[in-house]
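Heads up, the thing below is written out as structure tokens.
The values are calculated or read from the model by the stated rules, or taken from the named source; none is laboratory data. Remember, it's a predicted structure, so these values are computed and weren't measured experimentally. We place every Cβ from the backbone using ideal geometry, glycine too, and count neighbours over all the protein chains shown. We work out accessible area using only protein heavy atoms, side chains counted, and drop any ligands, DNA or RNA first. Shrake-Rupley method; radii C 1.70, N 1.55, O 1.52, S 1.80 Å.
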Amino acid sequence: MSNPCIICVAITGSLPTKANNPAVPITVSEQVESTHEAFEAGASIVHAHVRNDDETPTSDPDRFAALKEGIEKHCPGMIVQLSTGGRSGAGQTRGGMLSLKPDMASLSVGSNNFPTRVYENPPELVDWLASEMLTYGVKPEIEAFDLSHILKAKDMSDKGQLAGTPYVQFVMGVKNAMPVDREVFDYYIHTVKRLFGADAPWCAAGIGPHQLTLNEWAIAAGGHARTGLEDNVRLDRDRLAPSNAALVSRAAEICDRFDRPVASWQEARRILGLRMPAGQEEGVAA
């Protein structure tokens with residue numbers, strides 16, 4: 001039976017700059033162009049941050065609005081997932097763009113250590129972000145930096161704070177957080193299936209050189225994959241990635257190796273229980 005793999009491309013993030021890799025898209029026009037290339041290479045979800053003109057991160061709703069509009073125009077049907085991450089803002093400013101009603105938004109449900117700071121996600125903020133997502137019909141992607149975050153998602157789901165089956169993404173390889181450990185990875189999968197059902201969709205992301213490893217693990221295990229310049233600016237030790245599309249193409253090659261077709265945007269929306277865009281034919285392939 002076909003088991004399509006959703007490829008999510010994290011195009012920019014909050015940290016990589018042009019100094020790290022000139023291909024990192026910073027302006028809205030650069031981000032739209034880079035997303036379009038990644039979309040054509042097989043990505044069906046775009047995970048998006050926005051930046052100020054000086055490349056510093058921001059949660060400016062106007063910039064998010066311009067980016068969302070551009071992606072929807074040039075990548076029709078692609079799932080737009082906006083970041084509510086803590087590197088881009090503080091407190092409720094992190095969710096100021098949710099009223100734009102993107103298809104999805106990231107939701108970190110607990111705190112953990114990052115390389116040089118504590119990534120704070122206090123319960124009251126998590127509850128507020130979740131309530132905003134419910135209000136505006138935005139599906140959260142649960143960012144699991146720790147096992148407790150998966151269990152927290154289950155608690156929130158049971159309380160009606162999350163709509164539908166949660167979509168959990170395992171994030172591994174962040175310094176001072178969860179390292180890349182195969183036994184932990186396998187237990188994450190076991191936990192998601194035990195709590196949310198054997199068919200519950202899940203995704204994995206690896207940071208830096210671990211991106212390739214997590215792509216391979218996730219695709220081989222029947223999950224979905226995240227790639228992109230936010231998490232990793234290199235193809236290998238000696239070469240910078242020339243584009244987000246190049247990283248998506250590498251993930252697509254792994255899908256082919258494990259006999260996993262790359263999910264079209266229609267398939268991705270069905271897998272995640274997302275609405276089809278107005279005027280788009282559900283049955284037509286991208």
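For the reader, a short list of remarks on this structure follows.
- Taking the protein heavy atoms of the chain in the context of the full set of protein chains, the accessible area attributed to carbon and sulfur is 50 percent at 1.4 Å.
- R257 paired with A221, simple spin-label distance in nm, labels 7 Å along Cα-to-beta-carbon: 1.7 nm
- Cα convex hull volume per residue for the chain (Å³): 119 Å³
- Label-to-label distance for E55 and K18 is 0.8 nm, based on points extended 7 Å past Cα in the beta-carbon direction.
- Direction-averaged projected area, Cα convex hull, segment 152-195: 3.5 nm², rounded to one decimal.
- Helix-only arithmetic for the chain: the sum of -39500 (n - 2.57) across DSSP H runs with n ≥ 4, divided by the residue total, places the mean residue ellipticity at 222 nm at -11000 deg cm²/dmol.
- Ranked by the mean number of other Cβ atoms within 10 Å of their residues, highest first, the peptides 232-240, 199-207, 148-156 come out as 199-207, 148-156, 232-240.
- Helical segments meeting 18 Å axial Cα length and Kyte-Doolittle -1.0 threshold in the chain (DSSP H): 28-41, 61-74, 123-136, 182-196, 244-257
- For the pair segment 37-76 and segment 97-139, the centres of their Cα atoms are 18 angstrom apart.
- Cross-link check: pairs K68/K159; K73/K193; K139/K159; K73/K152 evaluated at a Cα-Cα cut-off of 25 Å; pairs beyond the cut-off: K68/K159; K73/K193; K73/K152.
- Peptides ranked, highest mean first, by Cβ atoms within 10 Å: ranges 7-16, 268-277, 39-48: 39-48, 7-16, 268-277
- Potential extension, L147-S99 segment - 0.36 nm per residue separation minus Cα distance: 14.3 nm
- Accessible area per residue in Å² at 1.4 Å probe, computed on the chain: 42 Å²
- Relative contact order (percent, whole number), the chain, Cα cutoff 8 Å, 6+ residue spacing: 23 percent
- The three principal axes of the Cα atoms in segment 48-147 give end-to-end lengths of 37, 33, 21 Å, sorted in falling order.
- Among A43, H149, M97 the positive-end extreme of the charge dipole of segment 1-153 (Cβ point charges): H149
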